[in-house]
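See below for the structure under consideration.
The values are calculated or read from the model by the stated rules, or taken from the named source; none is laboratory data. This one's a predicted model, so the numbers in the text were calculated from it and none came from an experiment. No Cβ is skipped: glycine too gets one built from the backbone with ideal geometry, and neighbour counts run over all protein chains shown. Just the protein is used for accessible areas: all its heavy atoms, side chains included, with ligands, DNA and RNA removed. Shrake-Rupley method; radii C 1.70, N 1.55, O 1.52, S 1.80 Å.
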Amino acid sequence: GLAAPFLLIAYVPAFARFLPRPGAWMETFKQFMGFTLMATTVWLIDVLAAQTGVAGAVGFIAFIFFVSMGCWVLGRWGGLVASDRAKCISLVIAIALSALGGWRFLVTDFAEPEMVETGTVELELDFSEAVPWQPFTEERVAALSGHPVFIDFTADWCLSCKANEKTVLESETVRQAMNEHGVIPLKADWTRRDPVITEWLQRYGKAGVPFYLMIPKDSGRAAIPLPEVITPGIVIDAFKEAQ
């Protein structure tokens with residue numbers, strides 16, 4: 001990760017001469033990197049919203065507001081030059097503000113899941129713009145017996161899943177192959193740790209996502225598990241094998 005350059009220079013000290021010279025640019029770079037942390041926060045709030053609903057996401061932002069107020073109080077009146085009494089009082093106020101915000105606004109329960117129709121199965125699908133994912137249910141899998149079915153086990157908080165979906169599964173090459181081979185795509189959303197999806201993952205020896213499963217057209221054949229790291233070639237080969 002971020003330590004890789006340090007390890008590289010430790011093993012090959014000559015690489016140190018390629019480092020840029022220290023200067024004012026370092027302060028600008030440090031500030032810019034702060035925006036990457038803010039972007040990460042936006043993504044995490046989006047994941048939280050998928051789990052706890054809009055109320056949970058708004059409540060978390062309100063909680064962060066109170067924590068920010070506490071940090072401001074602690075920095076304004078509890079700094080290094082402040083007296084011990086001022087430090088203690090500001091710390092107590094900061095903790096009280098954070099606790100108040102958490103008690104009043106934090107939502108820790110999952111939102112009610114959206115109702116998924118279990119009997120409706122669409123076979124005429126449009127792959128021209130995007131993969132027409134259908135929600136995964138065991139009933140839908142059973143109803144699609146006799147058709148090749150591709151199941152994407154994913155979660156909103158799984159970056160590997162999102163990367164595979166964006167670069168591989170949603171690529172034009174894979175979409176065209178799905179259409180040509182009559183593959184029905186299902187999305188098994190494990191964002192809220194659905195127990196049925198958990199059982200399917202355990203059935204194939206998986207502890208989590210991403211996981212991809214190809215169910216052949218012939219229901220008598222065994223399902224085809226794909227590796228976590230996929231390429232268009234691997235996915236298309238599974239489509240062909242499922243025929």
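Run the numbers on the chain and let me know its relative contact order in percent, using alpha-carbon pairs under 8 Å that are six or more apart.
The value is 16 percent.
What ranking, highest mean first, results for peptides 25-36, 169-180, 101-112 when packing means the other Cβ atoms within 10 Å averaged over each residue?
In decreasing order of mean packing, 25-36, 169-180, 101-112 become 169-180, 101-112, 25-36.
Normalised radius of gyration for segment 107-243, please: alpha carbon Rg relative to 2.2 N^0.38 Å, two decimal places.
Computed over Cα atoms of segment 107-243, the ratio equals 1.01.
With point charges of +1 on the Cβ of Lys and Arg and -1 on the Cβ of Asp and Glu, referenced to the Cα centre of the chain, which listed residue (Met178, Trp77, Pro216) lies farthest in the positive direction of the dipole?
Trp77
List, largest first, the extents of the alpha carbons of the chain along their principal axes, each in whole Å.
77, 55, 34
If I ignore ligands, DNA and RNA and count only protein heavy atoms, how much of Ile61 is accessible to a 1.4 Å probe, in Å² to the nearest 10?
Approximately 90 Å² of Ile61 is accessible to the 1.4 Å probe.
Using the heavy atoms of the protein chains and a 1.4 angstrom probe, tell me the accessible area per residue for the chain in square angstrom.
64
Suppose every Lys and Arg Cβ carries +1 and every Asp and Glu Cβ carries -1, with no other charges. What dipole size does the chain come out with about its Cα centre, to the nearest 20 debye?
With only Lys, Arg, Asp and Glu charged at Cβ, the dipole is about 1560 debye.
Among Lys30/Lys87; Lys162/Lys187; Lys166/Lys206, which pairs are too far apart, with a Cα-Cα distance over 18 Å? Display every interim value, and only then the final one.
On the way: Lys30/Lys87 28 Å; Lys162/Lys187 12 Å; Lys166/Lys206 22 Å.
Where the Cα-Cα span goes over 18 Å, the pairs concerned are Lys30/Lys87; Lys166/Lys206.
Please list the three semi-axes, largest first and in whole Å, of the ellipsoid equivalent to segment 59-165, using sqrt of 5 times the eigenvalues of its alpha carbon gyration tensor.
Working: eigenvalues 559, 50, 20 Å².
The three semi-axes for segment 59-165 are 53, 16, 10 Å.
Scaled to the compact-protein estimate 2.2 N^0.38 Å, what is the alpha-carbon radius of gyration of segment 24-103, rounded to two decimal places?
Compactness ratio reported: 1.39.
Using the crude model of +1 on Lys and Arg Cβ and -1 on Asp and Glu Cβ, and no other charge, please compute the dipole size for segment 135-243 relative to its Cα centre, in debye to 20.
100
By how many degrees, 0 to 90 and rounded to 10, does the Cα axis of helix 84-105 deviate from the longest principal axis of the chain?
Roughly 30 degrees between the two axes.
Can you give the angle from 0 to 90° between the axis of helix 25-77 and the longest principal axis of the chain, with both taken from C-alpha atoms, to the nearest 10?
It works out to around 50 degrees.
For the ranges 10-16, 202-208, what's the packing order if you count other beta-carbon atoms within 10 Å of each residue, average per peptide, and put the highest first? Before the final figure, lay out the partial values.
Working: 10-16: 9.6, 202-208: 11.1.
Top to bottom by mean Cβ count within 10 Å: 202-208, 10-16.
Ranked from highest to lowest mean number of other Cβ atoms within 10 Å per residue, what is the order of the peptides 133-143, 72-82?
Ranked from most to least packed, the peptides come out as 133-143, 72-82.
Which far-off residues, 5 or more places away or on another chain, put their amide H under 5 Å from the one on Gln134, with H placed in the peptide plane?
The list, which skips near neighbours in sequence, is Leu186, Lys187.
For the chain, what proportion of DSSP beta bridges, expressed in % and rounded to the nearest 5, is antiparallel?
50
What aspartates and glutamates does Lys217 reach when the alpha-carbon gap must be under 19 Å and sequence neighbours fewer than 8 apart in one chain are set aside?
Partners found: Glu122, Glu124, Glu138, Glu139, Asp152, Glu180, Asp237, Glu241.
Please determine, in degrees from 0 to 90 and to the nearest 10, the orientation of helix 232-242 with respect to the longest principal axis defined by the Cα atoms of the chain, where the helix direction is its Cα long axis.
Computed tilt is about 30 degrees.
Once the Cα gyration tensor of segment 183-243 is diagonalised, what are the square roots of 5 times its eigenvalues, in whole Å and ordered largest first, as equivalent ellipsoid semi-axes?
21, 14, 10
Given the Cα-Cα distance of Leu19 and Ile61 and 0.36 nm per residue of separation, how much length would full extension add, in nm? List each step's numbers first, then the result.
Working: separation 42, 0.36 × 42 = 15.12 nm, distance 3.91 nm.
Between Leu19 and Ile61, full extension yields 11.2 nm more.
Quick check on the chain: helices-only [θ] at 222 nm, where DSSP H runs of length 4 and up contribute -39,500 (n - 2.57) each and the sum goes over total residues. Nearest 500, please.
Working: 8 runs with 124 residues, N = 243.
Computed mean residue ellipticity for the chain: -17000 deg cm²/dmol.
Could you calculate the contour length gain from Leu91 to Arg193, that is, 0.36 nm times the residue separation minus the distance between their Cα atoms, to one decimal place in nm? Please list the in-between numbers first.
Values: separation 102, 0.36 × 102 = 36.72 nm, distance 3.74 nm.
Roughly 33.0 nm would be gained on extension.
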